[in-house]
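Here's the structure we're looking at; comments come further down.
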Amino acid sequence: MENNWENFFENLSSEIKREIVENYFSEKLYLEEEWKTYESLLENLKKIQKRIFNNAWRIYFILDKDENLIKEFETLTSFPLKLSCEKSLELYENTYKIPEKELKKKLFSNIFSPFGFTSKGKFVKLFYNIYKRLYKILNNFLKEYQKVEKTYNILKDETEKFHKSFDLSYILGFFERLEISEAEIGGIENKEKIVEDLIEKLRIPIPEPLNLYFLNYSPLPTPSQVSSKLSQLAKISFEKNPENAKEILSFLA
């Protein structure tokens, strides 16, 4: 009778262990797959931000890197132009930290030349067209950012709950009741280190928050709201340094 009870408790213990382990790895696999989906959303958002950077640099060059014109543009639009360029250098040094003329050509060669009777007219229209591009891309970015941020917060919360629900130290404590020798798990002196390493490997890493990758952008005023002010800025830039304007126009498709 005693042997029957021993067998019963042994089988019950094994079944409990099996169920805990299966539940753990099932939930872990689910969360890891969800984080992979999140990573693809994150990569797409990075691509959109890079398009913002491209247009930020175009505007930066159209304004001829003039501190006063840049300040006026930032005040008019609430767009952090200088900060965007600085962030782009931090994230994509190989793309943007190249000779200025090379970067200008790279950025403007895929932009169609607008119609205009004079170089100044073309330049003013180019600035407006670039701003329209930025406006459209930034709106798209803000919508996608909200989705990605929401996904991140949900997954972060679920992952933290998962780690609390499945105490790996407790789960791995079942090794004490398995029928394996101490030698097989590395001996008493190594067991703690093995368990610690295993816990670290089995944990689901939570990615860094989005604000490490992305700037905090606000919606831009519509192109029609700022068109006259943009024209003024472009005209001032052209008059102060027509050579810069003509060089940019020469790169257009």
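Values for this structure:
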read-out	value
Backbone N under 20 Å from the residue 46 label point (7 Å along Cα→Cβ), restricted to region 79-101	84-98
In nm, spacing of pseudo-spin labels at residue 92 and residue 28 (7 Å Cα→C-beta vector)	3.7
Per DSSP, loop chymotrypsin sites (Phe, Trp or Tyr not before Pro) in region 90-124 with at most 16 further Cβ within 10 Å	92, 112, 115, 117
Estimated FRET transfer efficiency when R0 is 25 angstrom, pair residue 206-residue 150 (beta carbons, to 0.05)	0.95
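Bear in mind that the values in this text are calculations on the coordinates, not laboratory data. Note that the structure is a prediction, hence the values are computed from the model and not measured. Using ideal geometry, Cβ is built from the backbone for each residue, glycine included, and neighbour counts are taken over all protein chains shown.
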